[in-house]
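Engineer: Structure provided below as structure tokens; questions to follow.
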Amino acid sequence: MLGGTLAFSDGSAVPVSALDNSGIGKVIAFAPRSVTWMKFLAAGTAAGRNVGLSEFEAYRP
């Protein structure tokens, strides 16, 4: 996956660079915010590739 955007219910967004195809997780750090939902919007894939996310996790350290 060539990257995408984390979008939040408060209207803010965080860009996400390309995701590794190895299955290793990618940590995206961003400033805390108070929201009711967040979603990942994929920006694209390499030509001819079908991709998807098997997991999406949010946590607060």
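Engineer: For segment 5-46, which trypsin sites (Lys or Arg not before Pro) are both in a DSSP coil and crowded by at most 15 other Cβ atoms within 10 Å? If you can, show how the numbers build up before the last one.
Structural biologist: Working: sites: K26, R33, K39; in loops: K26, R33.
Passing sites in segment 5-46 are K26, R33.
Engineer: What's the local net charge at M38, with K and R +1, D and E -1, over the other residues with C-beta under 14 Å away? Can you show the working numbers first?
Structural biologist: Numbers: positive: R33, K39, R60; negative: D10, E57.
Summing Lys and Arg as +1 and Asp and Glu as -1 gives +1.
Engineer: Subtracting the Cα-Cα distance from 0.36 nm times the residue separation, let me have the gained length for S34 to A46 in nm, one decimal. Please list the in-between numbers first.
Structural biologist: Details: separation 12, 0.36 × 12 = 4.32 nm, distance 3.40 nm.
Additional length available on full extension: 0.9 nm.
Engineer: Another question, if that's okay. Please give the charge dipole size of the chain, origin at the Cα centre, charges +1 on K and R Cβ atoms and -1 on D and E Cβ atoms. Round to the nearest 20 debye.
Structural biologist: Details: 5 positive and 4 negative charges, 13 e Å.
Taking the Cα centre of the chain as origin, the dipole is about 60 debye.
Engineer: Express the Stokes-Einstein translational diffusion coefficient of the chain in µm² s⁻¹, to the nearest whole number, given a Kirkwood radius over alpha-carbon pairs, 4 °C and a viscosity of 1.567 mPa s. Intermediate values should be presented prior to the final figure.
Structural biologist: On the way: Rh = 12.7 Å.
Reported coefficient: 102 µm²/s.
Engineer: Can you list the residues, at least 5 places off or on another chain, whose amide H is less than 5 Å from the amide H of T45, using H built in the peptide plane?
Structural biologist: So T45 has HN proximity to L2.
Engineer: Output wanted: per-residue J couplings in Hz (rounded whole) for segment 6-14, from phi through Karplus 6.51 cos²θ - 1.76 cosθ + 1.60, θ = phi - 60°, x for Gly and Pro.
Structural biologist: After applying 6.51 cos²θ - 1.76 cosθ + 1.60, I find 8, 10, 10, 5, 7, x, 7, 8, 10 Hz.
Just so you know, all these numbers are worked out from the coordinates, no wet-lab data involved. Note that the coordinates shown come from a computational prediction; the quantities given were computed from them, not determined experimentally. In this analysis, Cβ positions are derived from the backbone assuming ideal geometry, glycine residues included, and neighbour counts consider all displayed protein chains.
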